[in-house]
Amino acid sequence: MRLMKHALTLFICLLLMSCEAEKAQKEQESDTMSEPEATIPAITKAPFGTMPDGTEIEKFTVEAPDGAKVDIITYGGIVTSLMVPDKDGNLGDVVLGHNSLQPYLDDNPFFGAIIGRYGNRIAKGKFSLDGEAYTLATNNDQNHLHGGEKGFDKVVWQGKEVQTEEAAGVELTYTSPDGEEGYPGTLDVKVTYLFYPDHTLEILYEAETDKRTIVNLTNHSYFNLGSDSTILDHRLMLNASQYLPVDNTLIPTGELKQVEGTPFDFTELQPIGEYINAENEQIARGGGYDHCWVLNSDSYSTVAARVQEPQSGRVMEVYTTEPGIQFYSGNFLDGSITGKDGTPYVYRSGFCLETQHFPDSPNQPGFPSVVLEPGETYRTKTKYTFGTL
């Protein structure tokens, strides 16, 4: 009897030990299974070269879990690379640019850069504010273009990593001193790039001034969503019933013209090359498309532009709070600049969709105001969302 009791006790102990071991294993498996998969893009930072004065330039890489990623450098706040998948899931770079710093320091057409203080043209480099006349650099024939000789595309920004519940990115800051490039007021600028897992690149612009001034910030990325050397087969839709005709120097005439019945009608998707060589005075003046469209809506939930590339199947949608969008068809690219893969950027090998206020607004009372007052904060935002057909 005593032996049977001892055997029963031993059996119960072994059974309890087995149950505890099984419970511990299940808890461990449960803990492993409950660990959430990474959904927010990861941020890394690396050197990207040195300025002539010894300033180190940094590159921030923001990578989504599926490998899609964007590279941004502190020189000019430039988007140097943007890798997104095609219809077969293959990643490809959809922006023009360079793999090293020096080509950006050389003469280049604003690839991927932050543009300011004033994006686009100001007639003859002159404007008045509160009765005071201001003179800016005339760096585009007789006109002022994209902030002058040393606009925001050519300055070194301070960068830091940022993360939200849904995205990750980089916050860039720069203080433009009073009188820089002829503009009044000390302007504190913050531009935040955020990259989302759904392949959306969002750009948030903020600025404050200590003196009444003008501000019109944008980004000058050149896109090519496919592998063809030109963008003429890309299909474009612009949510705009009007555009701004320009004079011989590409300054708006002040008229808001209906696009209907003209080569500027992109209210429905059509190839960029469909009418780009049409016998049209405005086409001739721009050498193709280099005009500002008046958007039908400044709602951030309304598509401002959509682009489809048939071969890759890539689709890009643009959303913005700005009233206008400058569509530029790469008319001044001529093959003299070599890209990241060693291939020359030929005529019309990239297009720009620069969300902004209208060109020459300081001299055009009928255009939306670009004046920023002390105590106010300039805020605008734009996002580029990438998908496939």
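The values are calculated or read from the model by the stated rules, or taken from the named source; none is laboratory data. Quick caveat: nothing in here was measured; it's all calculated off a predicted structure. Reconstructed Cβ throughout: ideal geometry from the backbone, glycine too, with neighbour counts over all protein chains shown.
In contact (Cβ under 8 Å) with a residue 24 or more places away in the chain, crowded, with 17+ Cβ neighbours inside 10 Å and assigned to a loop (DSSP other than H, G, I, E, B): which single residue out of G67, G97 fits that description? Step through it out loud before you land on a result.
On the way: G67 fails: crowded, with 17+ Cβ neighbours inside 10 Å.
The conditions single out G97.
For T138, are the conditions met, namely being β-branched (V, I, T), assigned to a strand (DSSP E or B) and surrounded by fewer than 20 Cβ atoms within 10 Å (Cβ to Cβ)? Here the answer is no, as T138 does not meet what is asked.
Restricting to the range 281-323, name every residue that is aliphatic (A, V, I, L, M) and under 16 Å from Q356 (Cα atoms).
Matches in the range 281-323: V294, L295, V303, A304, A305, V318.
Checked against the criterion of being buried (at least 17 other Cβ atoms within 10 Å of the Cβ), hydrophobic (A, V, I, L, M, F, W, C) and within 17 Å of F351 (Cβ to Cβ), the candidates L244, L238 yield just one match: L238.
Please tell me if G92 is small (G, A, S), assigned to a strand (DSSP E or B) and surrounded by fewer than 19 Cβ atoms within 10 Å (Cβ to Cβ). Against the criterion (small (G, A, S), assigned to a strand (DSSP E or B) and surrounded by fewer than 19 Cβ atoms within 10 Å (Cβ to Cβ)), G92 qualifies.
Contact map, the range 357-385: first residue touching a residue at least 12 places away in the same chain (Cβ under 8 Å), second residue of a type in the set (A, V, I, L, M) and assigned to a loop (DSSP other than H, G, I, E, B), Cβ cut-off under 6 Å, separation 6 or more or different chains; pairs are H357/V370; D360/I251; S361/V370; L372/V215; Y378/V215. Any residue in the range 337-353 that is aliphatic (A, V, I, L, M), in contact with a strand residue (DSSP E or B) (Cβ under 9 Å, 6 or more places away or on another chain) and surrounded by 15 or more Cβ atoms within 10 Å (Cβ to Cβ)? Among the residues of the range 337-353, at least one is aliphatic (A, V, I, L, M), in contact with a strand residue (DSSP E or B) (Cβ under 9 Å, 6 or more places away or on another chain) and surrounded by 15 or more Cβ atoms within 10 Å (Cβ to Cβ), which makes the answer yes.
Here D341 meets the list (1) touching a Gly at 6+ places or on another chain (Cβ under 9 Å); (2) of a type in the set (D, E); (3) free of Cβ contacts under 8 Å to residues at least 40 places away in the same chain almost entirely, failing just condition (1).
Taking interchain pairs and intrachain pairs at least six residues apart, which have beta carbon atoms under 6 angstrom, with the first residue in the range 244-268 and within 17 Å of Y328 (Cβ to Cβ) and the second among the aromatic types (F, W, Y) and in a loop (DSSP other than H, G, I, E, B)? Qualifying pairs under 6 Å: P263/Y275. Taking (1) crowded, with 22+ Cβ neighbours inside 10 Å; (2) within 21 Å of the chain's Cα centre (by Cα) in turn, S301 satisfies each apart from (1).
Yes/no per residue for (1) modelled with pLDDT under 95; (2) surrounded by fewer than 17 Cβ atoms within 10 Å (Cβ to Cβ); (3) of a type in the set (G, A, S):
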| residue | (1), (2), (3) |
| --- | --- |
| A38 | yes, yes, yes |
| P52 | no, yes, no |
| F60 | no, no, no |
| Y75 | no, no, no |
| I78 | no, no, no |
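If you go through the range 107-124 one residue at a time, how many are surrounded by fewer than 24 Cβ atoms within 10 Å (Cβ to Cβ) and more than 18 Å from H357 (Cβ to Cβ)? Within the range 107-124, residues that are surrounded by fewer than 24 Cβ atoms within 10 Å (Cβ to Cβ) and more than 18 Å from H357 (Cβ to Cβ) number 4. Within the range 233-275, can you find the residues that are among the aliphatic types (A, V, I, L, M), part of a loop (DSSP other than H, G, I, E, B) and at negative phi? The answer is L244, I251, L256, V259, L269, I272.
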